[in-house]
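Structure first, then comments.
The values are calculated or read from the model by the stated rules, or taken from the named source; none is laboratory data. These numbers were taken from a predicted model, which means no experiment stands behind them. Note that we place each Cβ from the backbone using ideal geometry, even for glycine, and neighbour counts take in every protein chain shown.
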Amino acid sequence: MASTDDDLRAEVPHAARIWNYWMGGKDNFAADRAAGDAVAQVYPEIVLMARQSRRFLVRVVRYLAADAGVRQFLDIGTGLPTMQNTHQVAQAVAADSRVVYVDNDPLVLVHARALMSKSDSTVHVDADYHEPERILDAARKVLDFEQPIGVMFMGVLGYEPDLQVVASIVNRVMAAVPVGSYLVLWDGTNTTPAVVEGAERLVQGGGMPYILRSPDEIGGLFSGLELVEPGLVQLTGWRPDGEVEWLDAYGAVGRKVARSS
């Protein structure tokens with residue numbers, strides 16, 4: 001979620017636009033496509049990962065809204081709006097769902113404010129996930145912290161290289177939300193040599209470094225939470241709606257069952 005002066009320059013590869021390209025979106029430039037192609041040459045599965053990550057988002061948000069009765073979502077590190085965004089999925093199930101999107105990337109905020117509906121129930125907050133208290137203060141203006149909240153970190157935590165810092169960020173947010181809230185989290189994993197090489201190519205192509213972690217390290221971020229079945233699995237294996245394909249990406253949904261100390 002770090003932003004730089006290069007965020008709005010078309011000639012510099014940009015993380016959100018590269019991901020948009022892999023997802024089949026149109027909000028990207030030649031430099032983004034070149035960087036994305038460099039990764040795909042050694043790790044073609046990155047395109048599948050990008051698109052399956054959105055299907056995972058759709059499944060988990062639909063589960064939370066339809067089955068768990070969650071009506072509030074805090075989507076931290078949302079990235080560029082594409083198709084089937086969090087508020088669209090949740091509000092299709094329950095029109096009164098409220099969504100707070102968080103990002104500090106100027107490009108993301110420009111696109112979000114232009115493309116997404118403007119309403120009291122869908123709000124964009126300019127903040128960095130390294131500032132959880134600032135995020136929470138802004139979210140309290142929109143969300144009821146006496147009612148369950150679905151907290152989402154969708155493929156963004158690898159921008160912070162220190163796992164202890166990542167765990168602290170997640171824990172501080174989850175400590176603030178009430179019992180009955182949920183953590184939704186997925187991230188890329190270092191489970192094959194090809195994906196590791198792909199991450200290296202991304203940096204060589206001018207993209208921001210992204211830290212790939214082990215499934216166990218990702219699972220540790222759910223410490224103290226009750227995992228929803230099927231637990232921590234590859235993205236396509238979480239309550240699949242199609243063929244279960246191998247991906248170097250794991251995710252889970254965890255429910256807060258007790259107050260964090």
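When Tyr129 is tested against the conditions (1) over 16 Å from the mean Cα position of the chain (by Cα); (2) more than 21 Å from Ala68 (Cβ to Cβ); (3) at pLDDT 85 or above, the lone failure is (1).
Look at the range 20-36: where a residue is over 16 Å from Gly79 (Cβ atoms) and a partner is surrounded by fewer than 16 Cβ atoms within 10 Å (Cβ to Cβ) and not aliphatic (A, V, I, L, M), sitting 6+ places away or on another chain with Cβ atoms under 6 Å, you get Ala31/Glu11. Of all residues in the range 114-133, those that are over 12 Å from Arg98 (Cα atoms) and assigned to a loop (DSSP other than H, G, I, E, B) have Cβ atoms under 9 Å from Cβ atoms of residues that are among the small types (Gly, Ala, Ser) and modelled with pLDDT of 85 or more, 6 or more apart or on another chain, in Ala127/Ala138; Tyr129/Gly77.
Note on the range 174-188: residues that are part of a strand (DSSP E or B) and not β-branched (Val, Ile, Thr) amount to 6. Summed over the range 144-160, residues that are more than 16 Å from Met174 (Cβ to Cβ), out of contact with any strand residue (DSSP E or B) (no Cβ under 9 Å at 6 or more places or on another chain) and modelled with pLDDT of 95 or more total 1. Out of everything in the range 186-220 that is out of contact with any Gly (no Cβ under 6 Å at 6 or more places or on another chain) and of a type in the set (A, V, I, L, M, F, W, C), what residue ends up being nearest to Glu133 (Cα to Cα)? Across the range 186-220, the extreme among qualifying residues is Ile218.
Within the range 164-180, being more than 16 Å from Leu136 (Cα to Cα) and among the polar types (S, T, N, Q) holds for one residue alone: Gln164.
Here's the yes/no breakdown for (1) surrounded by fewer than 18 Cβ atoms within 10 Å (Cβ to Cβ); (2) closer than 17 Å to Leu227 by Cα:
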{"site": "Gly150", "(1), (2)": "no, yes"}
{"site": "Gly155", "(1), (2)": "no, no"}
{"site": "Val166", "(1), (2)": "no, no"}
{"site": "Val170", "(1), (2)": "no, yes"}
{"site": "Met174", "(1), (2)": "no, yes"}
{"site": "Val179", "(1), (2)": "yes, yes"}
{"site": "Leu183", "(1), (2)": "no, yes"}
{"site": "Asp187", "(1), (2)": "no, yes"}
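Once the range 206-261 is narrowed to residues that are exposed (fewer than 14 other Cβ atoms within 10 Å of the Cβ) and of a type in the set (D, E, K, R), the residue that is farthest from the chain's Cα centre (by Cα) is Arg259. Without any contact (Cβ under 8 Å) to a residue 60 or more places away in the chain and among the aliphatic types (A, V, I, L, M): is that true of Ala167 in this structure? Criteria met by Ala167.
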